[in-house]
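Rule-based calculations on the coordinates, nothing more; no lab input. Everything numeric here is computed off the predicted structure, so don't read it as measured data. Cβ: placed from backbone, ideal geometry, glycine included. Neighbour counts: every protein chain shown.
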Amino acid sequence: MPKFEPVIGLEIHVQLKTESKMFCSSPNQTENVPPNTNICEVCTGQPGSLPVPNQEAIEKAILAGLALNCKIPEYSKFDRKNYFYPDLPKGYQISQFDNPLCGAGHFTFPVGDLSPAGQAGGPLSSRGESKSVARSARTIRITRAHLEEDAGKLLHPAGASYSLVDLNRAGVPLLEIVTEPDFTSPAEARIFLQKLRTLARYLGVSDADMEKGHLRCDANISMRPAGDKKLPDYKVEIKNMNSFKAVEEALAFEIERQTEALLHKEPLKVETRGWSDNKRVTVSQRVKEGSDDYRYFPEPDLPVLHLTRELVDSLKRRMPELPQAKAERFLKEFSLPEKIIWQLVEDRALSEYFEGIVSELLEWCSVEGIVDQKIIADHIKEAANWCVGLFTELTNAHGLAASHTKITPENFAELMKMVIKGEVSKTAAKQVFTEMFETGEDPSNIVSARGLQQLSDHSSIEAAVDKVIAENPNVVGDYKSGKKQAMGFLVGKIMGATKGQANPQAVNDMLRKKLE
Ligand SMILES: [Zn+2]
């Protein structure tokens, strides 16, 4: 049976986060506002109104382009894309045709885990021994990225014989990113989108929330004989995918559908299909006869944009450390598992917060004269685990950014020291941490106020151990005659005698020594 491989390209619209819209001063806000309130004569296409380009949108678009390694040309211009739709009162969209703001580029991202979203493992899943984050990285070529304005929204009230138009979204700035057909699997496309979301958030150019429509993705896919270098002579465009999972599922569905057709020698058409989230299938929307003719021409109401060297250089200086670079630095500086590194790095605020804790821990180690790298690494690892564990759980539950909680990096570090020293048990530490999150109180104050100290000191544990041994001669006899499970009974008794405050490890060690 012949084998086929998919050829996949993406077209992504990123809604830019700006004060005002692309060509007018109406607020760029579409959520939680009544319909048709953030509008003006420009974005509703009134005769005689003139557009003015939004500098913030242009800068954010270039910033994103630079992060995608795109060439930024010296000159760029806007063009009219003509088509009629009821949510487009002007009868055309201001977009960019042949001189986009960002030219060809490329984006490299890790594909450690190519299994479907939410499942562990997979064919390329990371293996612990490797030391490079870029080890299983993929590079996707970016064709271009251009700036354009969004259209309004049509609402279709259930049962009504009419539709409603809301123009709050009309004129909102969009960055359209087009990739080359370089993706070879649905999972790769999904990971790319997830990394693009992280990137957009790092740059502060967009909230890039797919569910809210800040990040919209169309995909084109076709199949060719495995190993073939030629692009197939057809492609299918998929629309209406509102989540990363939907993108992956829709592409997987198309691979199956198109492979089936090819095996049965059925011709495949150039068509647009929509993803149905309920039925989990793609449905044909329209079959294309030739290409669309938008009759593009240069926007006569806007001058050509001159992108000076100074502007581009100043934007380069504004570029933060990008996720991939940060992940590689974390891997080099802290011996942490790659999975945890990415959990930290995906969230810029969390990664910066974590670095704050690390710097507190390092300072403390240097004050205490701790130079043993293993001990230092243990503290950092403990902090990382708590950051991606309970801390993230709590911040998510409260909808808070890491930088906005009541736990200072100093107090966080303090608790880590207490946990590693065994001054507080892991269970008690969770209770302390939750209280720190609620009150911002110092961990040592909470521990003493709640009586949560863990007994690690020799003498107080020894007294309890001796007492339990003296009170349970039969069990001790059982243990000595080979019943190893008797040990658990004795440990339980000792933990009870110390009201659960003894360090279980210390109890075990001491008991074993005494019974030998
Ligand atoms: Zn407006």
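Protection proxy ranking of 57-65, 224-232, by the mean of other Cβ atoms within 10 Å over each peptide's residues and highest first, is 57-65, 224-232.
Using a 7 Å offset from Cα along Cα-Cβ at Y294, what residues in region 133-171 end up with backbone N under 13 Å from the label point? From region 133-171, the list is 145-151.
With r as the distance between the Cβ atoms of T392 and L263 and R0 = 41 Å, compute the FRET efficiency 1/(1 + (r/R0)^6) and round to 0.05. E between L263 and T392, to the nearest 0.05, is 0.35. Residues in region 49-60 carry Karplus couplings, in order, of 7, 10, x, 10, x, 8, 4, 4, 5, 5, 5, 5 Hz; the curve used is 6.51 cos²θ - 1.76 cosθ + 1.60 with θ = phi - 60°, and Gly or Pro positions show x.
Here is the P(r) of region 157-217: all C-alpha pair distances, binned every 10 Å from 0, give 17, 39, 25, 16, 4 in whole percents.
Measuring r between the beta carbons of S335 and A449 and using R0 = 41 Å, the FRET efficiency lands at 0.70.
Here's the list of lysines a cross-link from K513 could span, going by alpha-carbon distance under 21 Å and ignoring same-chain residues fewer than 8 apart: K467, K480, K483, K484, K493.
If every alpha-carbon in the chain counts as one equal scatterer, what log10 I(q)/I(0) does Debye give at q = 0.06, 0.07, 0.09, 0.13 1/Å? The Debye formula, applied to the Cα set alone, gives -0.42, -0.55, -0.81, -1.30.
Per residue, the average separation of C-alpha pairs within less than 8 Å and at least 6 apart gives the chain a relative contact order of 14 percent. Relative to the longest principal axis of the C-alpha atoms of the chain, give the angle of the C-alpha long axis of helix 186-203, reported between 0 and 90° and rounded to the nearest 10°. Helix 186-203 and the main axis of the chain meet at about 80 degrees. Counting each DSSP H run of 4 or more residues in the chain as -39500 (n - 2.57), what helix-only mean residue ellipticity at 222 nm follows after dividing by all residues, to the nearest 500 deg cm²/dmol? Estimated from H runs of four or more residues: -12500 deg cm²/dmol. Straightening the chain between E256 and Q285 buys 8.6 nm, computed as 0.36 nm per residue apart minus the Cα-Cα spacing.
Full extension of the chain between V52 and Q485 yields a length gain of 147.9 nm, computed as 0.36 nm times the residue separation minus the alpha carbon distance. Between the C-alpha center of region 46-73 and that of region 446-468 there is a gap of 64 Å.
For E11 and N32, a Förster radius of 30 Å and the Cβ-Cβ distance give a FRET efficiency of 0.60, rounded to the nearest 0.05.
Among the cysteines of the chain, C24, C40, C43, C217, C365, C387 have no other cysteine beta carbon within less than 4.7 Å of their own. Contact order, relative form, for region 374-516: 20 percent (alpha carbon pairs under 8 Å, 6 or more residues apart, mean separation divided by residue count).
Put the Cα centre of region 197-243 next to the Cα centre of region 486-516 and the gap is 58 Å. Counting only lysines at least 8 places from K229 when in the same chain, those with an alpha carbon closer than 30 Å to its own are K3, K71, K195, K239, K245, K265, K269, K288.
A cut-off of 5 Å between modelled amide H atoms, ignoring neighbours fewer than 5 places along the same chain, links Y296 with N82.
For the chain, the longest principal axis of the Cα atoms and the long axis of helix 426-439 meet at an angle of about 50 degrees. For a modelled paramagnetic label at M1, 7 Å from Cα along Cα-to-Cβ, the residues of region 232-259 in reach, with backbone nitrogen under 13 Å, are 256-257, 259. A simple spin-label model places pseudo-atoms 7 Å from Cα toward Cβ; at T427 and H306 they are separated by 7.3 nm. Between 0 and 90 degrees, rounded to the nearest ten: what's the tilt of helix 504-515 against the longest Cα principal axis of the chain? Tilt relative to the chain: about 30 degrees.
Residues whose amide H lies under 5 Å from that of M210, counting only those 5 or more places away or on a different chain, are L215; hydrogens are built 1.01 Å from N in the peptide plane. Counted residue by residue at 0.36 nm each, then reduced by the alpha carbon distance between them, the extension gain from T108 to H458 reaches 120.6 nm.
Neighbours of I376, meaning other residues whose beta-carbon lies under 13 angstrom from its beta-carbon, give a summed charge of -4 when Lys and Arg score +1 and Asp and Glu score -1.
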